[in-house]
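The values are calculated or read from the model by the stated rules, or taken from the named source; none is laboratory data. Since the structure is predicted, the reported quantities are computational estimates derived from the model, not experimental observations. We place every Cβ from the backbone using ideal geometry, glycine too, and count neighbours over all the protein chains shown. Side chains are part of the model used for accessible areas, which takes the heavy atoms of the whole protein and leaves out ligands, DNA and RNA. Shrake-Rupley method; radii C 1.70, N 1.55, O 1.52, S 1.80 Å.
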Amino acid sequence: MYSLLCNAMYFIVIPLLLFFFFCRYCSFTFRWKHCFCYLFCFAFLLQIEMHTNNGFYWLILEILGLSLYGKGMFLKKFMIAALIYSIYSICNGFVQFVFFWLLCHFPNISVLQYGDIIHMGMVLLLTVCLLCLLLNYFDKNITVGEISFMMPFFFIAVVERIISNQIYGDTIIWDDKAGMIFPVINHTTIFLLQLFALVCFFTSLIAYQNIKKSVYAEQTIQLLKQQYHLQKIYMQEAQIRYEKTRSFRHDIKNHFAVLAELLKENHTQKASAYLYDLQRISDDLSFEVQTGNVVIDALLNSKFSVAAQKNIAIDCLIKVTEKIKEIDWCIVLCNALDNAIAESDKISEKYICVKGENKGNFYLLSIQNNCRKEMKQVPTWGIGLHNIHAVCQKYNGTMQAELRNGMYCLDMLFFFSQQ
């Protein structure tokens, strides 16, 4: 019965716990059928490890088996699995140290008889506590560029596995008089190693969090600078149109007087030509693009005026949504159109297409432009695209840049909850 309970905890409860927290941390749906597959793989690898006594390679396979579950970037899942395994390894190593230290200094046969169950129970308790702490205080949004900061956690897991297999092993030689004869352990060294691993783990977490905060602060500063620049452009555009409108309203009475005089003298052709000129002046005061939002109209017309000066053809069919804030619209459209205009200005066939429409709880925005023939892959993201991506993430959406049929396509998806 005791052996059965130990095997159940070692081969079922522990991997079940790791799989459960991996799903929670990655925001995956916990499915029992996938869990059973992982339990089988875990038990299979563990049995081989016990016979080969080479934990380093099998640790990698165990982490790999956990990271294969769910969709998403593999490297991100692999490092999250390594993070979870490092927590489990630290807890297991610390409990092993305490257990063997107690056996050496307070030999007790009754404790030794139930050592495995006590050991695994303490490991489970500590692991759950640290994993809950991880879920509550550790940033889940790990990107590709930040994966290198997760390497210390993988290193800790490897070191702990080596200590567990090579120093403690799976065999204890006990003498009723002398106590524990094997393994012979330098408890001071092991304690310092375990303490160092624990300190490294939490200092790495703190360092990672601080780096994330500094990067976020830098992005916020860049966004604020860009918002200031966009607001400045809009104010200049609004001021110019206000002056034109004011001048037109000031002269409107004189225009009506001239029309009245022409009609009184039956100069209908001159009156028609004069009306045509008035209509042209009136059209200049209004925006060519009419989205229903004055701020976005001013922004688009300002960018399209720059494109017209560079002989760039524009095709715009966009319907804005009030669910996206005006400042976010400015960030997305300004950065995307600036990049499109800059690229189009380098080629002869200059063309930009802007499309945006609602699809239920989604909003799809696509900005495409012709690009150079020698461009074979998407260029590295600059600050502008990173800012666009940040806005998309703000609305639980995503952004994708790719080359299609000789065109650079920037597709953005925004999601709005039904709340």
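Can you pull out the residues in region 65-82 that are part of a helix (DSSP H, G or I), closer than 23 Å to Phe44 by Cβ and open to solvent by less than 60 Å² (accessible area, probe 1.4 Å)?
Gly65, Leu66, Ser67, Lys77, Phe78, Ile80, Ala81, Ala82
Which numbered condition trips up Ile327, out of (1) out of contact with any strand residue (DSSP E or B) (no Cβ under 8 Å at 6 or more places or on another chain); (2) open to solvent by 60 Å² or more (accessible area, probe 1.4 Å)?
(2)
Sort out which residues of region 374-419 are buried (at least 16 other Cβ atoms within 10 Å of the Cβ), in contact with a Phe, Trp or Tyr (Cβ under 8 Å, 6 or more places away or on another chain) and in a strand (DSSP E or B), and write them in order of number.
Within region 374-419, Ala401, Leu413, Phe414 meet the criteria.
Taking only pairs six or more apart or across chains, which ones have beta-carbon atoms under 7 Å, a first residue in region 331-347 that is of a type in the set (Gly, Ala, Ser), and a second residue that is in a helix (DSSP H, G or I) and crowded, with 18+ Cβ neighbours inside 10 Å?
Listed by first residue and then by second, the contacts come to Ala336/Ile388.
When you check Ile162 against the structure, is it under 20 Å from the mean Cα position of the chain (by Cα) and modelled with pLDDT under 75, yes or no?
No; evaluated as a whole, the condition is false for this residue.
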